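Since the structure comes first, as structure tokens, the remarks are kept for the end.
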Amino acid sequence: MTRPDRDADSRETPAPRVRYDKWLWAARFYKTRSLAAQAIDVGQARIGGARVKPAHAVRTGDEVSIRRRGIVVEVIVTAVSDRRGSATDAANLYQETPASVAVREAEDRARREAAAFEPRFAGRPTKRERRRLEDFLNEP
């Protein structure tokens, strides 16, 4: 039983696949692969809204959601890579959804506004400031 020969052009090349933890590391979402694997195990990084294992294969077009510092970042995988490169190379591996960008910017704005109303202390008072404070508190 022989198979008919197919042209080289008609053969489909399989889509490149990379481990999920390796892709998160290469896309610079996490500093190390072990941190990426921990985030996946805890459920902070998901593919298509479902929890997967760190060895799950990532393909182009997958929707990835990553929760970091209370903000959920949703991205679409545009390319796969198992090598960590520069930040510009990493930015080419994904595209953030417009809804995610709007939510992230609103959260950043809210945090900046909240920080503006919090008291700022420069640390310990200087000797001069301490003397002025003592003089003010000791006045009748």
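Would you compute the Debye intensity of the chain from its alpha-carbon atoms alone, equal scatterers and no solvent, and pass along log10 I(q)/I(0) at q = 0.10, 0.19 Å⁻¹ to two decimals?
Calculated log10 I(q)/I(0) at the listed q: -0.54, -1.09.
Please work out the FRET efficiency for the pair A99 and E129, using the Cβ-Cβ distance as r and a Förster radius of 30 Å; give the result to the nearest 0.05.
Values: r = 48 Å, r/R0 = 1.59.
E(calc), rounded to 0.05, equals 0.05.
If the elastic network links every pair of Cα atoms under 10 Å, which of E113, E96, E74 fluctuates the most in the Gaussian network model of the chain?
Among E113, E96, E74, the largest GNM mean-square fluctuation belongs to E113.
Kindly write out, for the stretch 44-51 in residue order, the coupling ³J(HN,Hα) from the Karplus curve 6.51 cos²θ - 1.76 cosθ + 1.60 (θ = phi - 60°), rounded to whole Hz, with x marking Gly and Pro.
My calculation for the stretch 44-51 gives 7, 10, 10, 10, x, x, 10, 6 Hz in order.
Could you tell me how far the Cα centroid of the stretch 111-140 sits from the Cα centroid of the stretch 25-43, in Å?
41
Whole-Hz ³J(HN,Hα) for each residue in the stretch 26-33, computed from phi via Karplus 6.51 cos²θ - 1.76 cosθ + 1.60 with θ = phi - 60°, x for glycine and proline: what do you get?
Couplings: 5, 7, 6, 7, 10, 6, 10, 5 Hz.
Taking the highest mean first, how do the peptides 119-130, 77-88, 24-35 order by number of other beta carbon atoms within 10 angstrom per residue? Don't jump to the answer; show the numbers that get you there.
Values: 119-130: 8.1, 77-88: 13.3, 24-35: 18.1.
Put in order of decreasing packing, that is 24-35, 77-88, 119-130.
How high is the FRET efficiency from T60 to A115, r the C-beta distance, R0 41 Å, rounded to 0.05? All intermediate terms of the calculation are to be shown ahead of the outcome.
Values: r = 38 Å, r/R0 = 0.94.
Computed FRET efficiency for T60 and A115 comes out at 0.60.
Under a point spin-label approximation (7 Å from Cα along Cα-to-Cβ), what is the D82-A106 distance to one decimal in nm?
Between D82 and A106, the simple spin-label model gives 4.0 nm.
Could you list which residues have their amide H under 5 Å from that of V18, counting only those 5 or more apart in sequence or on another chain, with H placed in the peptide plane?
V58
What are the lysines whose alpha-carbon lies under 16 Å from the alpha-carbon of K22, with same-chain residues fewer than 8 places away excluded?
Qualifying lysines at Cα under 16 Å: K31, K53.
Just so you know, all these numbers are worked out from the coordinates, no wet-lab data involved. Quick caveat: nothing in here was measured; it's all calculated off a predicted structure. When we count neighbours, we look across all protein chains shown, and the Cβ atoms used for this are built from the backbone with ideal geometry, even at glycine.
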